[in-house]
Amino acid sequence: MKPQALAFLLSVAALLLVPVAALRGAWPWTGLWAALAVAAWGATRVWNQRDPIPFPHWAWWVLLALPRGRQSARDLLDVLQPGPDDRILEVGSGPGLHALPVARALEPGGQLTAIDIQPEMLVHLERRAAVAGLTTIRTRRADAEGLPFSDGTFDKAYMIGTLGEIADGDRALRELRRVLKPGGRLVIGELLPDPDFIRRAVLHRRARTAGFSLERVTGSSWSYLAVFRTGSG
Ligand SMILES: C[S@@+](CC[C@H](N)C(=O)[O-])C[C@H]1O[C@@H](n2cnc3c(N)ncnc32)[C@H](O)[C@@H]1O
């Protein structure tokens, strides 16, 4: 296991112990676990920036339980605006917190393609989609740095909490630009306390370099959805 995955595990474990110690009135322990959670989170961030790794698949349930602020599935649908026949791509779907509502909104004629580099994440997504009876979603194990799709395949794309995990994120942005149709929409979401969190100004600069123009941003500095467009020609 890489050190950043160990540090992340430590931060989650310490965080879970904070309320346990507090409920017992063990205040020194509460402070200790809180300090350890923050220190381990900081170590994860530093390591991840040097050597990005995917969010550990064994912690998939965290992605479904974590409060998302202004980055909920509802908020995403508001800015993505899935049309009836849209072809939409999700990069780094995880277990599908956003994928299921997007696929539902595309019924009956649209289609969501959800990719993730970890097949274990897609197993959870496929199980949840089957339980929900969704037929407008298909999954594929793929790396964002080399998308296995032809130019101009998708009307829209989105990527939530994923860009900072990709070793060459700028290459992934260029790939998204390539597979989107002219005038296509890209939504990127970032949320603290994700150790790979990317600040808005940094994202805007990187997206502009990849050929996107910023349309609007919703949410706050620490939990936002940024909407971009490709050029029309
Ligand atoms: C923090 S999780 C977020 C999952 C989901 N978007 C959500 O908000 O719940 C990031 C996801 O991106 C995937 N990922 C990381 N690097 C990737 C890459 N190079 N290509 C495709 N997916 C990747 C990880 O496996 C993980 O499932």
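Quick note: the coordinates plus some simple rules give every number you see, no bench work behind them. The structure presented is a predicted model; accordingly, all values stated were derived computationally and were not measured. As a convention, Cβ positions derive from the backbone with ideal geometry for all residues, glycine included, and neighbour counts pool all protein chains shown.
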Checklist line | Those residues of region 116-139 which are outside any helix (DSSP H, G or I), in contact with a Leu (Cβ under 8 Å, 6 or more places away or on another chain) and farther than 18 Å from Glu190 by Cα, in sequence order | finding: Leu134, Thr136, Ile137, Arg138, Thr139
Margin query: List the residue pairs whose Cβ atoms are under 8 Å apart, where the first residue sits in region 89-112 and is without any contact (Cβ under 8 Å) to a residue 12 or more places away in the chain, the second is of a type outside the set (Gly, Ala, Ser), and the two are 6 or more positions apart or on different chains.
Written below: none
Notebook entry, point to check: Just checking, which of Asp143, Asp151, Asp168, Asp155 is surrounded by fewer than 16 Cβ atoms within 10 Å (Cβ to Cβ) and touching a residue at least 24 places away in the same chain (Cβ under 8 Å)?
Noted result: Asp151
Item checked: Checking Leu17 against (1) within 25 Å of Ala99 (Cβ to Cβ); (2) free of Cβ contacts under 8 Å to residues at least 40 places away in the same chain, the condition it does not meet -> (1)
Note to self: Can you pull out every residue in region 174-229 that is over 27 Å from Pro67 (Cβ atoms) and touching a helix residue (DSSP H, G or I) at 6+ places or on another chain (Cβ under 6 Å)?
What the structure shows: Ala210, Gly211
Next item on the list: Kindly indicate whether any position in region 217-229 is among the β-branched types (Val, Ile, Thr), free of Cβ contacts under 8 Å to residues at least 12 places away in the same chain and either closer than 25 Å to Leu106 by Cβ or touching a strand residue (DSSP E or B) at 6+ places or on another chain (Cβ under 6 Å) (or both).
Entry: no
Check: What are the residues in region 148-168 that are within 12 Å of the ligand (Cβ to nearest atom), farther than 23 Å from Gln71 by Cβ and in contact with a strand residue (DSSP E or B) (Cβ under 8 Å, 6 or more places away or on another chain), if any?
Finding: Pro148
Next item on the list: Return the residue satisfying two criteria in turn: it lies in region 107-136 and is under 18 Å from Asp155 (Cα atoms) and in contact with a Lys or Arg (Cβ under 9 Å, 6 or more places away or on another chain), and of such residues it is nearest to the ligand (Cβ to nearest atom).
Entry: Ile115
Item checked: helices (runs of 4 or more DSSP H) (entirely within region 17-115) containing at least 2 residues that are surrounded by fewer than 16 Cβ atoms within 10 Å (Cβ to Cβ) -> 27-50, 60-65, 73-80
Notebook entry, point to check: Tally time: how many residues in region 44-58 are away from the ligand (no atom under 13 Å from the Cβ) and within 17 Å of Gln118 (Cβ to Cβ)?
Noted result: 0
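One residue is enough: does region 172-184 have a residue meeting the conditions part of a loop (DSSP other than H, G, I, E, B) and touching a residue at least 12 places away in the same chain (Cβ under 8 Å)?
The first filter runs over region 172-184 and keeps only residues part of a loop (DSSP other than H, G, I, E, B), leaving none.
No - not one qualifying residue is present in region 172-184.
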